[in-house]
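Where a number appears in this text, it was derived from the coordinates with a stated rule and is not lab data. Everything numeric in this text was worked out from a predicted model, so none of it was measured. A quick note on method: Cβ atoms are made from the backbone with ideal geometry, for glycine too, and the neighbour counts reach across all protein chains shown.
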Amino acid sequence: MEVLKLWSEELEYRRSAFRVTLIVIAAAASIFTLFNWLIGLKSYALTELILALLSLGILSVVRTTQYLHRWTLLFLFAFYGVILLGISFASFRSGLFAWIFVFPILSYLLLGRRSGQAVTLCYVSLGLSILGWRLWLNDPNIHLVAMANYGLCAAAIWGVAHVYESKREEVVERLQNMAARDPLTGLYNRLHLESVFEQITQNESSSDSSLFMLLIDLDHFKSVNDSYGHEVGDKVLVRVAELIKQTIGENDWGFRVGGEEFCLLLPDTNHASVQEIAQRLQQVIEGSAVSVGEHKVSTTASIGIAQWPESGSLMQSLYRTADRRLYRAKELGRNRVVCD
């Protein structure tokens with residue numbers, strides 16, 4: 001199954017960090033605009049005014065934009081460009097070159113590990129090259145010593161930013177998987193059924209494809225627990241989950257939504273294929289057994305199928321339809337598939 005982002009917290013984290021950065025840079029650029037204008041550096045003042053206005057403009061759309069990554073790149077290109085321009089022409093006494101050491105932190109914070117690494121490599125290299133050229137013009141004798149210090153300092157900050165962001169993303173991904181998965185079966189849990197449904201239907205809304213929901217309930221599962229104990233019942237659930245994973249495709253989604261109830265979301269398919277998958281699942285579940293001493297414990301499954309958007313455009317209505325058909329399969333004698 002293709003892994004989609006299940007939470008929007010990561011995006012909101014970037015969005016919040018970007019908003020704070022824009023406010024700080026807009027305020028700082030405004031102050032330096034006024035200062036440079038008063039001391040007669042009107043070209044610098046104009047450049048910083050443009051940066052301040054750009055920051056405010058992006059700030060006005062950053063709350064709602066779907067293109068946060070693009071706006072972030074635009075801002076960083078403009079901001080870093082202003083810094084590099086200043087390093088090229090401003091006096092060393094201004095200390096403007098110190099901003100080079102902020103590039104790795106800001107890039108990783110706003111863009112994440114992959115994009116942040118690329119942007120950092122590009123602009124830190126440019127910044128150190130320009131700084132080295134300026135140092136060589138100023139005093140060729142101290143050029144190598146100074147560049148070694150600046151380069152090592154930038155590399156150290158870059159390394160810390162890279163390790164921190166890599167570990168942060170790793171921890172976030174692990175926590176997302178822990179929250180998204182059923183610990184017993186490894187399938188996704190009910191908590192994320194609706195969010196995945198919304199993601200799929202948003203993608204499908206612009207095409208002619210359909211989405212199918214299958215609700216699967218194991219027949220007489222309570223008797224398995226009563227006769228053999230919950231440990232054996234858990235083994236049966238794990239075995240059924242394995243069969244589900246083996247049967248569905250890479251783009252399909254499997255969930256455990258109740259004690260012995262499972263839900264499948266099958267996008268980009270048709271009615272005939274879904275019926276074939278449901279019947280195959282029914283057969284493999286019936287034909288599979290869990291060994292308990294000398295006994296073989298087997299079960300069967302009843303399946304209800306609903307199609308989006310024909311059976312309901314909302315998650316709740318589609319689920320109700322599939323659930324109604326599931327219980328229709330129970331009424332007809334269990335171990336059946338009902339799709340209408």
> Cα centroids of segment 93-145 and segment 236-253: how far apart, whole angstrom?
Replying inline: 51
>> Cut-off under 18 Å on the C-alpha distance; same-chain residues fewer than 8 positions from Lys222 excluded. Which lysines are left, in chain and number order?
In response: Lys235, Lys296, Lys330
> Going toward the positive end of the dipole of the chain, with +1 on Lys and Arg Cβ and -1 on Asp and Glu Cβ, which of Thr120, Gly81, Thr247 do you reach last?
Replying inline: Gly81
>> Considering all projection directions equally, how large on average is the shadow of the alpha-carbon convex hull of the chain, in square nanometres?
In response: 23.2
> Of Phe197, Ile23, Gln275, which is farthest on the positive side of the dipole of the chain, counting Cα position, with +1 on Lys and Arg Cβ, -1 on Asp and Glu Cβ, and the Cα centre as origin?
Replying inline: Ile23
> With charges set only on the Cβ (+1 for Lys and Arg, -1 for Asp and Glu), what does the dipole of segment 188-338 come to about its Cα centre, in debye to the nearest 20?
Replying inline: 420
> Length gain on complete extension for the stretch Glu242 to Asn203, per 0.36 nm per residue less the alpha carbon to alpha carbon distance?
Replying inline: 11.3 nm
>> Taking a virtual spin label 7 Å from the Cα of Ser273 along the C-beta vector, which residues in segment 289-309 bring their backbone nitrogen under 15 Å of it?
In response: 308
>> Ranking request for peptides 190-202, 263-275: highest mean number of other beta-carbon atoms within 10 Å first, then the rest in descending order.
In response: 263-275, 190-202
> Considering only DSSP states other than H, G, I, E and B, which GluC sites (Glu not before Pro) in segment 250-307 qualify as loop sites with at most 13 other Cβ atoms within 10 Å?
Replying inline: Glu250, Glu294
> Could you work out the helix-only [θ] at 222 nm for the chain, with each DSSP H run of four or more residues adding -39,500 (n - 2.57) and the total divided by the number of residues, to the nearest 500 deg cm²/dmol?
Replying inline: -22000 deg cm²/dmol
> When Lys and Arg each count +1 and Asp and Glu each count -1, what net charge do the other residues less than 11 Å away from Arg19, Cβ to Cβ, add up to?
Replying inline: +2
